[in-house]
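**Student:** Have a look at this one.
The values are calculated or read from the model by the stated rules, or taken from the named source; none is laboratory data. Since this is a predicted model, take the numbers as computed values, not measurements. Glycine gets a Cβ as well: all are built from the backbone with ideal geometry, and neighbour counts include every protein chain shown. The area values use the complete protein model at the heavy-atom level, side chains included, leaving out ligands, DNA and RNA. Shrake-Rupley method; radii C 1.70, N 1.55, O 1.52, S 1.80 Å.
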Amino acid sequence: MWNLASVDGTISMVVSADGSGNLSGAMTIYGQEYSVQGEWAASGSVAGRNFSSFSLAGSFDTAPSVPNLLAAAGIMTGPGGWPISVQISGNIAPSAGAGMRNFSTVLLPVMNTNANDLAVAYGESYVVLEIGAGGDGLVCTAGWIGPNNGGQASPFGSSDYKSAGTAMTAAECADVVIPDPVYTGLKDIRVPHIETAATLRPVMIQFLAEQDHFANPPLMEPHPHIAKVFYDTAAGALVLQPIDDASTLAPTNKITFNHGRGRRHDGGVVEFR
Amino acid sequence: MAHWVLGNAADGIHLDVNENSSNGAVSGTLTVDGLNFSVSGLWTADGSLPGRNVSNINLRGSAASPNAPGAPVFVALSGQISFNNGNPNITGMSVGVYTASSNTGALVSKLSQLSPA
């Protein structure tokens, strides 16, 4: 499912992208919900397909059988089921009168609240970090590491990460959030080192706050290292799922929270060790 | 059934489609920067129903990338149509045309005024 929105919230899409290349769903543009159909091609699926691209068309009736006709094309980055961003350009042609309107924007993931998707994400992850707000900004309030299996950490295997994993000590937690050595005022969230044979190790990072503390999308910029974005009502947290590559341990780019109407604040950089 | 042929050479756009006035279906070829896209879509006619004051259209389609036959380039067009004395005497089309290449990653946008060609 492609479920993304522009940072200002004026353009969004909820579109199913199937393995046969069909797109089907809805786009909401300036408050009007268009039923859309289209096609996409997945990067890497066939020789020469280096990017995931698509086009779609749709309509919205401004009065019975008086449609605005939409057409748009774009480039999607990220996995087919979990886009990291969508660059899209399009045009709306009304039937009721003059006033065509074109747009070009970047769409970013909105908070997924699907319980099954969330359970899968916890189950495949190796670490859960709970980040709260302290007097000096972000602070680690708790953490869990996946079950120890012969000296190596395993994925939690369950959405019940607190029972399946091992709670981090206060000392371990205190070492998670530190000032960024380069950018004054910015915090680094350092994922604890874990011993595991896995190359790709997903981590769930919870930012404790009411859901309406964040706009949709909750982040201001695309993050190639962050595959999935959730709101977990049980935890009361925005949850990001960065995935490290053990061969590079590359940090995420700077995370900026989107609070809507142009308001934002720094959410730090996630580093892996 | 009418045959519409319009273009804007300076913008690299040429449209050659057949329309079916009974159901609004449109299909044919949209050429953008020399690449021929097979397209299909819909138009609605000014005055055909209450509230329809301007004729409009959208089309969508694809073409094989010139450099990689298995990598499609997708296209989308939407616009408004002007007529002189009704269809098929089309006099122009104001369009937004967009292409997205799975080979190069290029997303191209064009706003253009098409004239009969």
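**Student:** Within the group A:131, A:92, which residue is β-branched (Val, Ile, Thr), at the interface with chain B (Cβ under 9 Å from one of its Cβ atoms) and over 13 Å from the mean Cα position of the chain (by Cα)?
**Tutor:** Just a single option satisfies the conditions, and that option is A:92.
**Student:** Which residue out of A:195, A:130 is acidic (Asp, Glu), touching a residue at least 24 places away in the same chain (Cβ under 8 Å) and part of a loop (DSSP other than H, G, I, E, B)?
**Tutor:** A:195
**Student:** Just to check your reading of the model, which residue among A:97, A:123, A:157 is assigned to a helix (DSSP H, G or I) and more than 20 Å from residue A:17 (Cα to Cα)?
**Tutor:** That would be A:123, the only listed residue that is assigned to a helix (DSSP H, G or I) and more than 20 Å from residue A:17 (Cα to Cα).
**Student:** Condition (residue is at the interface with chain B (Cβ under 7 Å from one of its Cβ atoms), in a strand (DSSP E or B) and more than 22 Å from residue B:38 (Cα to Cα)) applied to segment A:43-53: is it met by at least one residue?
**Tutor:** No, because not a single residue in segment A:43-53 is at the interface with chain B (Cβ under 7 Å from one of its Cβ atoms), in a strand (DSSP E or B) and more than 22 Å from residue B:38 (Cα to Cα).
**Student:** Now a separate question. Residues of segment A:242-273 being in contact with a Gly (Cβ under 8 Å, 6 or more places away or on another chain) and not in a strand (DSSP E or B), which ones?
**Tutor:** Residue satisfying the conditions is A:254 alone.
**Student:** For residue A:38, state whether it is modelled with pLDDT of 95 or more and either assigned to a loop (DSSP other than H, G, I, E, B) or farther than 27 Å from residue B:112 by Cα (or both).
**Tutor:** no
**Student:** If you check A:99, A:150, A:134, which single one turns out to be open to solvent by 30 Å² or more (accessible area, probe 1.4 Å) and either within 30 Å of residue B:98 (Cβ to Cβ) or hydrophobic (A, V, I, L, M, F, W, C) (or both)?
**Tutor:** After applying the criteria, what remains is A:99.
**Student:** Taking segment A:12-21, which residues are open to solvent by 50 Å² or more (accessible area, probe 1.4 Å) and part of a loop (DSSP other than H, G, I, E, B)?
**Tutor:** If the condition is that a residue be open to solvent by 50 Å² or more (accessible area, probe 1.4 Å) and part of a loop (DSSP other than H, G, I, E, B), then A:18, A:19, A:20 are the ones that fit.
**Student:** What is the residue count in segment A:161-185 for residues that are surrounded by 18 or more Cβ atoms within 10 Å (Cβ to Cβ) and either touching a residue at least 60 places away in the same chain (Cβ under 8 Å) or of a type outside the set (Gly, Ala, Ser) (or both)?
**Tutor:** Of the residues in that region, 5 qualify.
**Student:** Among the residues of segment A:234-250 satisfying the criterion of being without any contact (Cβ under 8 Å) to a residue 40 or more places away in the chain and not small (Gly, Ala, Ser), which is least open to solvent (accessible area, probe 1.4 Å)?
**Tutor:** The residue in question is A:240.
**Student:** Find the residue count for segment B:9-54, including only residues that are open to solvent by 60 Å² or more (accessible area, probe 1.4 Å) and within 17 Å of residue A:72 (Cα to Cα).
**Tutor:** 3
**Student:** Also, quick follow-up: Given the options B:101, B:109, name the one that is in contact (Cβ under 8 Å) with a residue 12 or more places away in the chain, within 11 Å of chain A (Cβ to nearest Cβ), farther than 17 Å from residue B:3 by Cβ and open to solvent by less than 20 Å² (accessible area, probe 1.4 Å).
**Tutor:** On inspection, the qualifying residue turns out to be B:101.
**Student:** Any idea which of B:90, B:81, B:57 is aliphatic (A, V, I, L, M) and open to solvent by 20 Å² or more (accessible area, probe 1.4 Å)?
**Tutor:** Being aliphatic (A, V, I, L, M) and open to solvent by 20 Å² or more (accessible area, probe 1.4 Å) holds for just one of B:90, B:81, B:57, which is B:90.
**Student:** From the set of residues in segment B:68-85 that are within 7 Å of chain A (Cβ to nearest Cβ) and either at pLDDT below 95 or part of a loop (DSSP other than H, G, I, E, B) (or both), which is nearest to residue B:112 (Cα to Cα)?
**Tutor:** Applying the filter and picking the extreme gives B:71.
**Student:** For the condition surrounded by fewer than 18 Cβ atoms within 10 Å (Cβ to Cβ), of a type outside the set (S, T, N, Q), on the phi > 0 side of the Ramachandran plot and free of Cβ contacts under 8 Å to residues at least 40 places away in the same chain, what is the one hit in A:44, A:9?
**Tutor:** Among A:44, A:9, only A:44 is surrounded by fewer than 18 Cβ atoms within 10 Å (Cβ to Cβ), of a type outside the set (S, T, N, Q), on the phi > 0 side of the Ramachandran plot and free of Cβ contacts under 8 Å to residues at least 40 places away in the same chain.
**Student:** Quick test for you: out of B:49, B:6, B:30, pick the one residue that is within 14 Å of chain A (Cβ to nearest Cβ), part of a strand (DSSP E or B) and of a type outside the set (Gly, Ala, Ser).
**Tutor:** B:30
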